[in-house]
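Q: The structure is given below, and queries will be raised subsequently.
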Amino acid sequence: MRDAVTSLIKNYDSTGRYLDRNALDSLKSYFESGTARVQAAAVINGNAAAIVKQAGLQLFEDQPELIRPGGNAYTTRRYAACLRDMDYYLRYASYALVAGNNDVLDERVLYGLRETYNSLAVPIGPTVIGVQIMKDIVREQVAAAGIPAGDYLDQPFDYITRQLSETDI
Ligand SMILES: CCC1=C(C)/C(=C/C2=NC(=C\c3[nH]c(/C=C4\NC(=O)[C@H](C)[C@H]4CC)c(C)c3CCC(=O)O)/C(CCC(=O)O)=C2C)NC1=O
C-alpha cells in the first residue's frame, strides 16, 4: 500500500534520480492539502452511517427497480449487502483521501471486484451512481464544515467510478 510520498520516492528511486522540480511541486501540493484531507476524513468518520444511509435512500429512490422483486438489492439480505458495499467504498475512500493516493483502493477494494459483481449479477451502473451520490454528500458536508472541498476530495470516488466502469459486462 502506498501514499503520495512513498509512491513518489519509489518512482524516483527506481531510476536513481534526485527529486526534481516536478516531484517537489507534487509533494508541496500534497502537504498543502494535508490539513484539509485530514479534516475531510474526520467529517466522513463522524458521519459515515448517515452518509451511507442517505446515499442508499437516494439511490433506491432514483432506481426503484433495484429493490423490487427481480432487482439485485431485493430481499433484506441483498439490500444490506448493497449498503455494506457502499460503506466499504466510503471507508476506503477516506483512507485514499488521507494517503493522497489510490493504491489502497486497487489493493483492498477493486482487485477482483468486477468478477465478483459479474458472477452475482450486481449491476455496475447503479453502483457507480451510489458512489457518486456519496461523493456529492461528502462534498456538501465538508464544505458546510468550512473545509476547502477541492478536487482532492473527488479523486477517490472518481477513481472507484472509473475503475468499476472500465469494463465490458
Ligand atoms: C472491502 C472490499 C470489498 C468489497 C467492495 C466487497 C464487495 C462485495 N459485494 C458482494 C455482494 C453484493 N453486493 C451488492 C450490491 C449492490 N446491489 C445492487 O443492486 C446495488 C447497485 C449495489 C449496492 C450499491 C449486493 C446486493 C450483493 C449481494 C449479492 C448476492 O449475494 O446475490 C460480495 C459477495 C460476497 C458477499 O455478499 O459478501 C462482495 C465480495 N467485498 C469486500 O470485501
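Q: Which numbered condition trips up residue 64, out of (1) surrounded by fewer than 17 Cβ atoms within 10 Å (Cβ to Cβ); (2) near the ligand (Cβ under 7 Å from one of its atoms)?
A: (2)
Q: Let me ask you something else. Of the conditions (1) over 21 Å from residue 164 (Cα atoms); (2) part of a helix (DSSP H, G or I); (3) more than 8 Å from the ligand (Cβ to nearest atom), residue 77 fails just one. Which one is it?
A: That leaves (3) as the condition not met.
Q: Scan the stretch 1-21 and report the pairs whose first residue is farther than 20 Å from residue 33 by Cβ and whose second residue is part of a loop (DSSP other than H, G, I, E, B), with Cβ atoms within less than 9 Å and a gap of 6+ or a chain change.
A: Sorted first by the residue in the stretch 1-21, then by its partner, the pairs are 10/2; 12/18; 12/19; 12/20.
A quick yes/no check of all residues on (1) among the hydroxyl-bearing types (Ser, Thr, Tyr); (2) modelled with pLDDT under 95; (3) surrounded by fewer than 19 Cβ atoms within 10 Å (Cβ to Cβ); (4) assigned to a loop (DSSP other than H, G, I, E, B):
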{"site": "35", "(1), (2), (3), (4)": "yes, no, yes, no"}
{"site": "40", "(1), (2), (3), (4)": "no, no, no, no"}
{"site": "45", "(1), (2), (3), (4)": "no, no, yes, no"}
{"site": "48", "(1), (2), (3), (4)": "no, no, yes, no"}
{"site": "56", "(1), (2), (3), (4)": "no, no, no, no"}
{"site": "73", "(1), (2), (3), (4)": "no, no, no, yes"}
{"site": "81", "(1), (2), (3), (4)": "no, no, yes, no"}
{"site": "86", "(1), (2), (3), (4)": "no, no, no, no"}
{"site": "91", "(1), (2), (3), (4)": "no, no, yes, no"}
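Q: A further question on this structure: Go through the stretch 94-112 and count every residue that is buried (at least 19 other Cβ atoms within 10 Å of the Cβ) and near the ligand (Cβ under 8 Å from one of its atoms).
A: Count: 1.
Q: Please specify each residue of the stretch 136-158 satisfying the condition of being crowded, with 18+ Cβ neighbours inside 10 Å and either over 11 Å from residue 97 (Cβ atoms) or of a type in the set (Val, Ile, Thr) (or both).
A: 137, 138, 141, 142, 147, 149
The values are calculated or read from the model by the stated rules, or taken from the named source; none is laboratory data. Here the structure is a predicted model, which means the values were calculated and not measured. Virtual Cβ from ideal backbone geometry, glycine too; neighbours counted across all protein chains shown.
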